[in-house]
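Trainee: Before I ask anything, let me first share the structure, which is written out below as C-alpha cells.
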Amino acid sequence: MDRSRPGGHRTCAAIALGAVLAAAPGGVRADDAVVPYRVVGDEIPEPLAGLTGDPTRGRAIAAGREGNCLACHRLPIPEEEFHGDVGPDLAQVGDRLSQGQLRLRLVDPKRVKEDTVMPAFHVVDRLERVAQRYRGRPILGAQQVEDVVAYLRTLGHAGGGGAR
C-alpha cells in the first residue's frame, strides 16, 4: 500500500471489507441478527447474547475469509503467508485489552476511535456505502464475535492472554 497517497488507508480498508463481504457464501456471513449490547466506557463488558467464545473457531474466523483480520493485521498465524500492516500487530493484544475492550473494537470500532478504518463487524446502522443486498446484516454473528474475542484473549506472553 502506498502510504504517501491520501486516502491510502481508506482504500485498503475498503478492499479488506469488500473481500470479507464478497468471500462469504451468499454474501455476508451472519448466523444471526445484531443482538442488543451495552457499552460501558470503552468496552462491552458482557458477552453478546450471553454466549461463550471458542478460541479455536475464533482463530479460524480471524485467519479465514469470514473475519479477514489478516487483510489489515499481523497475527501469530505463521501458516498464513500474507499479513496486513494497516492495523496494529495483534500478537500481544490479549495482554493489552480486556475481553470487553476487544468486543467493542470488533462490534463497533468507531465508538473507540471515530476515524478508524476498521469495519464494524456487528453493527448495521450508521454505515456508509453498503450495497443493498448487505444492508441490515452484520458481517459476523454474535457467536462469531465471541469466538474471535476468545481467540484474541489467548494472544499474549507465551501464548496466554493476561487476566483482566
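The values are calculated or read from the model by the stated rules, or taken from the named source; none is laboratory data. Just so it is clear, the structure is predicted and the values come from calculations on it, not from any experiment. When we count neighbours, we look across all protein chains shown, and the Cβ atoms used for this are built from the backbone with ideal geometry, even at glycine.
Trainee: Please go through the range 139-158 and give me each residue that is surrounded by fewer than 24 Cβ atoms within 10 Å (Cβ to Cβ) and modelled with pLDDT under 95, ordered by number.
Mentor: Correct list: Gly156, His157, Ala158.
Trainee: Right, here's the next one. Kindly check whether there is at least one residue in the range 68-91 that is touching a helix residue (DSSP H, G or I) at 6+ places or on another chain (Cβ under 6 Å) and at positive phi.
Mentor: Yes, some residue in the range 68-91 is touching a helix residue (DSSP H, G or I) at 6+ places or on another chain (Cβ under 6 Å) and at positive phi.
Trainee: Starting from the range 102-114, take each residue that is within 16 Å of His73 (Cα to Cα) and without any contact (Cβ under 8 Å) to a residue 24 or more places away in the chain and list its partners that are outside any helix (DSSP H, G or I) and aliphatic (A, V, I, L, M), counting only C-beta distances under 6 angstrom and pairs at least six apart or across chains.
Mentor: What qualifies is Arg105/Val112; Pro109/Met118.
Trainee: Identify, by number, the condition in (1) at pLDDT 95 or above; (2) closer than 23 Å to Val34 by Cβ that Arg96 doesn't meet.
Mentor: Among (1) at pLDDT 95 or above; (2) closer than 23 Å to Val34 by Cβ, the lone unmet condition for Arg96 is (2).
Trainee: Considering only the range 64-80, how many residues are free of Cβ contacts under 8 Å to residues at least 40 places away in the same chain and closer than 20 Å to Val107 by Cβ?
Mentor: Step one: filter the range 64-80 for residues free of Cβ contacts under 8 Å to residues at least 40 places away in the same chain, giving 64, 70, 73-74, 77-80.
After this cut, where a residue has to be closer than 20 Å to Val107 by Cβ as well, the list is 64, 70, 73.
Of the residues in the range 64-80, 3 are free of Cβ contacts under 8 Å to residues at least 40 places away in the same chain and closer than 20 Å to Val107 by Cβ.
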